[in-house]
Amino acid sequence: MKNVGLIGYGPMSKNISLNLIKKKVKIFIYNKEKIFFNKKTKRILITNCLNYFLKNFINNKLLIILIKTGKPIRILLLRLKKKLNKKDIVIDFGNSFYKDTYFNNKLLKNKFIFISSGISGGSEGALKGLCIMIDCKIFFFKKIIFLIKNITCYEKKKYSFCLTKGIGSSHFLKMVHNGIEYGILQIISEIFFLLKILLKKKLKTLNIIYNWNIGENNSYLFELFFNILLKKKIYICDVIEQKGTGKWLVLNSIQNSINVNCIFEGLIIRIISKNIFLRNLFKLKEISYILGNKIIFLEKIKKIFFFCNFLSYVQGFNQIILIKKKYNWCFDIKNIVKTFLKNCIIKSKILYFLINFKKNFFFLNKMYFIIKKNFFLFESLLNFSINCKIPIFCINSIYNFILIILTRNYNFKIIQYQRNFFGNHFLKIL
């Protein structure tokens with residue numbers, strides 16, 4: 001197969017098509033709305049008629065879906081079910097919910113080869129080389145290897161993809177990826193707020209962020225943040241949008257009793273940001289705070305920043321470790337980490353710490369030492385944030401989480417004791 005069909009024509013689809021055209025792959029594009037391609041080329045065909053789109057394939061069809069997730073994908077798959085044969089391949093490249101993917105697969109009843117895949121790297125990655133998480137059998141993977149290599153090649157003969165086993169497992173992995181991203185973005189914003197209040201001057205703040213990014217705190221998102229700060233002031237509405245993957249991860253963790261407080265706080269902030277009316281009712285003036293040695297305090301913030309990011313990754317990867325047993329999925333954690341390290345939005349030096357992640361990280365002695373080492377750094381930072389009236393949801397939540405693990409200052413028995421009386425639960429009271 002050297003012909004590829006793209007269904008949907010957003011920024012990702014556009015850049016994937018440009019990437020493939022460069023590599024001499026012929027592209028057919030189907031999009032409901034009429035679209036126009038700037039460059040004239042013989043290697044592309046655009047139509048808003050599904051039948052005409054499908055008729056252009058001489059041999060077996062290889063189609064990539066890049067449309068809105070949920071109901072639109074299900075409707076499209078049901079339409080394709082009537083038009084394709086068993087040798088045709090359809091890949092869902094969207095951020096579909098893994099349970100929807102499982103249901104869609106059952107609905108199609110093997111009328112054609114349906115493959116789920118999560119992609120990372122944004123529209124820039126679509127042009128220069130994506131990170132792909134893909135779930136399919138090796139036999140089918142060999143049929144699409146030319147496509148995968150073409151869209152994941154970010155340097156000469158360097159590719160960024162990993163295989164998972166289990167229907168919907170790749171979309172589950174993408175959900176975890178996005179959940180980790182929620183936590184990291186929230187932590188970066190909180191750390192920046194602290195540095196901004198502490199240092200007051202933008203140049204000093206930029207210098208600190210640049211230096212931190214050279215060391216163990218280096219990550220794609222932190223580097224991206226630094227580049228944004230270098231630009232002139234851009235006026236943007238202070239409301240955080242979301243596509244639902246973070247919410248799915250939090251709900252999944254609740255259903256399976258898995259703690260993801262880092263990601264949960266990132267989600268809560270996005271929900272709070274939507275309430276513009278309430279946020280604009282009151283305004284509090286900034287309060288100055290006299291601090292001792294700034295250099296020592298900055299070093300503490302740096303270490304806390306690393307630890308909070310580390311915990312966000314750990315909580316995300318714990319989802320994979322605990323859920324794969326439930327669905328009998330197969331994940332090669334080492335391979336996933338290596339893939340994320342190559343060309344991915346959550347690429348970070350922290351991932352090197354997780355390369356041999358095989359079981360719940362909280363059961364490892366290494367995790368206990370990391371927690372114990374960083375626990376006492378939080379006190380001065382939290383005092384600073386309280387005195388300066390700086391909201392640090394995620395950092396505060398992480399501190400409380402560690403406090404519960406390391407001490408016995410939280411009495412769970414009291415809550416259960418009351419439940420035993422008003423709800424007749426009759427659980428043993430120790």
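The values are calculated or read from the model by the stated rules, or taken from the named source; none is laboratory data. Predicted model, so just to flag it, every value in this text is computed and none were measured. No Cβ is skipped: glycine too gets one built from the backbone with ideal geometry, and neighbour counts run over all protein chains shown. With ligands, DNA and RNA removed, areas are computed over all heavy atoms of the protein, side chains included. Shrake-Rupley method; radii C 1.70, N 1.55, O 1.52, S 1.80 Å.
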Notebook entry, point to check: Given the rule -39500 (n - 2.57) for each run of at least 4 DSSP H residues, summed and divided by the residues of the chain, what is its mean residue ellipticity at 222 nm, to the nearest 500 deg cm²/dmol?
Noted result: -17500 deg cm²/dmol
Next item on the list: Report, by chain and number, residues whose modeled amide H sits under 5 Å from the one on ILE64, excluding near sequence neighbours (fewer than 5 apart, same chain).
Entry: GLY5, LEU6, ILE7, ILE91
Check: Can you give the angle from 0 to 90° between the axis of helix 220-230 and the longest principal axis of the chain, with both taken from C-alpha atoms, to the nearest 10?
Finding: 80 degrees
Item checked: Share, in percent, of DSSP beta bridges within the chain that are antiparallel, nearest 5 -> 25 percent
Notebook entry, point to check: Can you list the HN-Hα couplings for region 351-364, worked out from phi with the Karplus curve (6.51, -1.76, 1.60; θ = phi - 60°), rounded to whole Hz and with x for Gly and Pro?
Noted result: 4, 4, 6, 10, 5, 10, 5, 10, 9, 3, 5, 6, 8, 8
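If TYR52, TYR235, TYR313, TYR159 are ordered by their accessible area, calculated over protein heavy atoms with a 1.4 Å probe, which sequence runs from highest to lowest? Please list the in-between numbers first.
Numbers: TYR52 115, TYR235 195, TYR313 5, TYR159 65 Å².
Descending accessible area places them as TYR235, TYR52, TYR159, TYR313.
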Item checked: Cut-off of 10 Å, at most 16 other beta carbons, DSSP loop: longest stretch of the chain lacking such GluC sites (Glu not before Pro) -> 34-240
Next item on the list: Using only the alpha carbons of the chain, determine the length spanned along each of the three principal axes and report them from longest to shortest in whole angstroms.
Entry: 72, 61, 45
Checklist line | Too-long pairs where the Cα-Cα distance tops 22 Å, listed order kept, from LYS342/LYS373; LYS81/LYS325; LYS300/LYS373; LYS149/LYS347 | finding: LYS342/LYS373; LYS81/LYS325
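Using R₀ = 60 Å, calculate the FRET efficiency as 1/(1 + (r/R₀)^6) where r is the Cβ-Cβ separation of LEU403 and LYS71; round to 0.05.
Numbers: r = 43 Å, r/R0 = 0.72.
With a Förster radius of 60 Å, E is 0.85.
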Check: Any idea what the dipole of the chain comes to, in debye rounded to 20, about its Cα centre with Lys/Arg Cβ at +1 and Asp/Glu Cβ at -1?
Finding: 1820 debye
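Place a +1 charge on the Cβ of each Lys and Arg in region 131-275 and a -1 charge on the Cβ of each Asp and Glu, then give the dipole magnitude about the Cα centre in debye, rounded to the nearest 20. Present the calculation step by step, with values, prior to reporting the outcome.
Values: 21 positive and 9 negative charges, 116 e Å.
Dipole magnitude for region 131-275 comes out near 560 debye.
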Next item on the list: Taking 7 Å along the Cα-to-C-beta vector as the label spot, tell me the GLN242-LYS156 distance in nanometres, rounded to one decimal.
Entry: 4.5 nm
Margin query: With 27 Å as the cut-off, how large is the P(r) tail for region 84-215, expressed as percent of Cα-Cα pairs?
Written below: 38 percent
Next item on the list: Give me the distance between the Cα centres of region 69-95 and region 105-156, rounded to whole Å.
Entry: 15 Å
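I'd like the FRET efficiency for LYS83 and PHE193, computed as 1/(1 + (r/R0)^6) with the beta carbon distance as r and R0 of 51 Å, rounded to 0.05.
Numbers: r = 53 Å, r/R0 = 1.04.
So the FRET efficiency works out to roughly 0.45.
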Check: What list of ³J(HN,Hα) couplings, whole Hz, do you get for region 96-111 from phi and the Karplus terms 6.51, -1.76, 1.60, once you set θ to phi - 60° and write x for glycine and proline?
Finding: 5, 5, 4, 6, 5, 4, 4, 5, 4, 4, 5, 5, 6, 6, 6, 5
Next item on the list: Using a Gaussian network model of the chain whose springs link C-alpha atoms within less than 10 Å, name the residue from LEU278, LEU62, LEU251 with the highest mean-square fluctuation.
Entry: LEU278
Next item on the list: Whole Å is fine, so just give me how far the alpha carbon centre of region 306-374 lies from that of region 205-239.
Entry: 24 Å
Notebook entry, point to check: When all protein chains stay in place, what accessible area (Å², nearest 10, 1.4 Å probe) is found for LYS22?
Noted result: 140 Å²
Margin query: Before I look further, what does the chain give for accessible area per residue, probe 1.4 Å, in whole square angstrom?
Written below: 55 Å²
Item checked: Amide proton proximity set for PHE161, modelled H, under 5 Å, gap of 5+ -> ILE132
Check: Angle between the Cα long axis of helix 294-327 and the longest principal axis of the chain, 0 to 90 degrees, nearest 10?
Finding: 50 degrees
Checklist line | Debye intensity ratio I(q)/I(0), log10, region 1-127, q values 0.12 Å⁻¹ (C-alpha model) | finding: -0.42
Checklist line | Two-site label geometry, TYR210 and ASN365: point separation in nm, points 7 Å out along Cα→Cβ | finding: 4.3 nm
Next item on the list: Apply 1/(1 + (r/R0)^6) to the Cβ-Cβ distance of GLN416 and ASN51, taking R0 = 51 Å, and write down the FRET efficiency to the nearest 0.05.
Entry: 0.25
Item checked: Extension gain, LYS389 back to LYS325 (0.36 nm per residue minus Cα-Cα distance, nm) -> 18.7 nm
Notebook entry, point to check: To two decimal places, what compactness ratio does region 85-139 give when its Cα radius of gyration is scaled by 2.2 N^0.38 Å?
Noted result: 1.25
Next item on the list: Mind listing the long-range amide H neighbours of ILE46? Cut-off is under 5 Å, sequence gap 5 or more, other chains count too, H placed in the peptide plane at 1.01 Å from N.
Entry: ILE29
Next item on the list: With θ set to phi - 60°, apply the Karplus curve 6.51 cos²θ - 1.76 cosθ + 1.60 along region 387-404 and write out the HN-Hα couplings as whole Hz, x wherever there is a Gly or Pro.
Entry: 5, 8, 6, 9, x, 10, 3, 5, 4, 4, 5, 5, 4, 5, 4, 5, 4, 5
Check: Carbon and sulfur: what percent of region 128-252's accessible surface (1.4 Å probe)?
Finding: 62 percent
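Using the Cα centre of region 142-214 as the reference point, and only Cβ charges (+1 on K/R, -1 on D/E), how large is the resulting charge dipole? Debye, rounded to the nearest 20.
340 debye
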Margin query: As a test question: what accessible area, to the nearest 10 Å², does ARG74 have when a 1.4 Å probe is rolled over all protein chains in place?
Written below: 70 Å²
Margin query: Output needed: Cys residues of the chain lacking any neighbouring Cys C-beta below 4.7 Å, sorted by number.
Written below: CYS49, CYS136, CYS153, CYS162, CYS237, CYS262, CYS308, CYS330, CYS388, CYS394
Check: Separation between the PHE139 and ILE295 pseudo-spin-labels, each 7 Å from Cα along Cα→Cβ, expressed in nm?
Finding: 6.7 nm
